[in-house]
Amino acid sequence: SQACLIVTGFLTLSFIVLLALTSEVWDTYKPQQDDLFPRIYNIEVLNEFPHDPNAFTQGLLYAGNDTLYESTGLLRKSSVRKVALQTGKVEVLQKMDDSYFGEGLTLLDERLFQVTWLKDTGFIYDRNNLSKVEKFTHQMKDGWGLATDEKVLFGSDGSSTLYLINPQNFKVIGKHIVTYNGREVHNLNELEYINGEVWANVWQTDCIARISPKDGTLLGWVLLHNLRENLVRAGNNGIDVLNGIAWDSAKKRIFVTGKHWPKLYEIKLHQVN
Ligand code: DDQ
Ligand code: CA
């Protein structure tokens with residue numbers, strides 16, 4: 001009948017209009033190149049090494065020659081250490097004054113720079129004997145992470161801000177707020193400068209954020225939950241969070257550990273997306 005024809009015609013027309021609209025919507029929202037960021041990585045363990053389970057790791061770096069430097073926290077237990085990678089043995093230990101809580105650590109011009117928790121005081125140590133050579137004051141809200149590209153210091157204070165700091169006078173020369181999906185990434189903690197990026201442990205997560213030091217763009221997320229989960233499954237119930245990233249630029253090795261972790265891992269990344 002005629003009514004039937006009209007209904008069929010209307011339905012066909014609606015369908016065509018809907019199709020056109022959908023494809024237009026798709027054109028607008030289909031993934032763009034930028035949506036490939038951030039990249040997501042999981043990890044493979046290439047090697048594991050012993051790590052002092054008494055170390056409440058707050059700063060970690062690799063200094064060549066299978067040698068790591070580590071800053072540890074907790075009141076009355078804070079320290080700076082020179083550690084042998086292969087054995088985990090602490091070769092030189094500098095205990096901090098009882099009132100200081102050791103945090104981020106980095107090596108620049110043969111000197112170790114360290115910041116401390118809940119204070120704006122930092123210390124500089126001689127890399128060989130770990131003797132304290134200087135004390136400084138910084139302008140961050142707190143002292144959490146520290147790293148360097150050998151020109152500036154990168155700092156974190158537990159907020160979403162990545163600081164660029166002049167290593168001569170400790171003035172803040174730049175600041176970037178790190179965001180992901182429009183939200184600030186808070187709790188930026190231990191840092192490492194790796195191949196033009198700043199990597200940051202995000203406190204109380206098993207994730208490392210890969211950040212552009214140019215503008216704070218979040219370039220990627222590294223997912224490391226397996227490490228802590230496997231340690232707990234193996235009976236290490238007292239361990240705290242993942243914390244501590246070190247980079248061997250010569251051999252391109254990435255090391256990670258955690259607070260009170262009995263192991264330190266060399267890892268390799270695999271991109272997931
Ligand atoms: N920070 O690394 C996130 C900057 C500080 C961690 C402070 C953890 C305090 C633990 C206190 C435990 C007392 C037994
Ligand atoms: Ca580090």
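Read-outs throughout are calculated quantities, based only on the coordinates presented, and are distinct from any laboratory measurement. Nothing here was measured: the structure is a model prediction, and the numbers come from that model. Virtual Cβ from ideal backbone geometry, glycine too; neighbours counted across all protein chains shown.
Net charge near GLU197, counting Lys/Arg +1 and Asp/Glu -1 over other residues with Cβ under 13 Å of its Cβ?
Combined, the nearby Lys, Arg, Asp and Glu give 0.
Just rank PHE154, PHE15, fewest to most, by other beta-carbon atoms within 10 angstrom.
Ordered from fewest to most neighbouring Cβ atoms within 10 Å, PHE154, PHE15 come out as PHE15, PHE154.
Taking the Cα atoms only, what angle lies between the long axis of helix 2-29 and the longest principal axis of the chain, rounded to 10 degrees?
For 2-29 against the chain, the angle is about 20 degrees.
State the dimensionless ratio Rg/Rh of the stretch 163-273 (Rg: radius of gyration of Cα atoms; Rh: Kirkwood radius).
Numbers: Rg = 15.0 Å, Rh = 15.1 Å.
In the stretch 163-273, Rg relative to Rh is 0.99.
Rounded to the nearest 20 debye, what is the charge dipole size of the chain about its Cα centre when +1 sits on each Lys and Arg Cβ and -1 on each Asp and Glu Cβ?
About 380 debye.
Using mean Cβ contacts within 10 Å as the protection proxy, how do 180-190, 132-142 order, highest first?
Put in order of decreasing packing, that is 180-190, 132-142.
Of LEU130, PHE101, LEU153, which is farthest on the positive side of the dipole of the stretch 101-153, counting Cα position, with +1 on Lys and Arg Cβ, -1 on Asp and Glu Cβ, and the Cα centre as origin?
About the Cα centre, the residue reaching furthest to the positive side is PHE101.
Whole-Å semi-axes of the stretch 62-212's equivalent ellipsoid, largest first, each the root of 5 times a Cα gyration tensor eigenvalue?
They are 24, 17, 15 Å, listed from largest to smallest.
So how do ASP66, ASP157 line up by other beta-carbon neighbours within 10 Å, fewest first?
So the residues, fewest neighbours to most, are ASP66, ASP157.
Give me the net charge of GLN86's neighbourhood, meaning all other residues with Cβ under 12 Å from the Cβ of GLN86; Lys, Arg count +1, Asp, Glu -1.
On the way: positive: LYS89; negative: GLU48, ASP66, GLU91, GLU266.
Value of the local net charge: -3.
Ignoring everything except DSSP H segments at least 4 long, calculate the 222 nm mean residue ellipticity for the chain; use -39,500 (n - 2.57) per segment, divide by total residues, nearest 500.
About -4500 deg cm²/dmol.
Among rounded, prolate and oblate, which fits the stretch 222-273 when a ≥ b ≥ c are the square roots of the eigenvalues of its C-alpha gyration tensor, a/c under 1.5 means rounded, and a/b larger than b/c means prolate?
oblate
If the only charges are +1 at each Lys and Arg Cβ and -1 at each Asp and Glu Cβ, what is the size of the charge dipole of the stretch 215-273 around the Cα centre, to the nearest 20 debye?
Charge dipole, the stretch 215-273, about its Cα centre: 220 debye, nearest 20.
Please give me the summed charge of the neighbours of LYS119: other residues whose Cβ is under 14 Å from its Cβ, Lys and Arg +1, Asp and Glu -1.
Summing Lys/Arg as +1 and Asp/Glu as -1 gives -4.
Longer than 24 Å from Cα to Cα, which of LYS82/LYS214; LYS82/LYS175; LYS119/LYS175; LYS151/LYS175; LYS141/LYS268; LYS89/LYS251 are they? Say none if no pair is.
LYS82/LYS214; LYS82/LYS175; LYS141/LYS268
Listing SER249, SER212 from the residue with the fewest other Cβ atoms within 10 Å to the one with the most, what is the order?
Details: SER249 11, SER212 16.
The most exposed by this proxy come first: SER249, SER212.
Top mean-square fluctuation among SER14, SER99, SER159, Gaussian network model of the chain, C-alpha springs under 10 Å?
SER14
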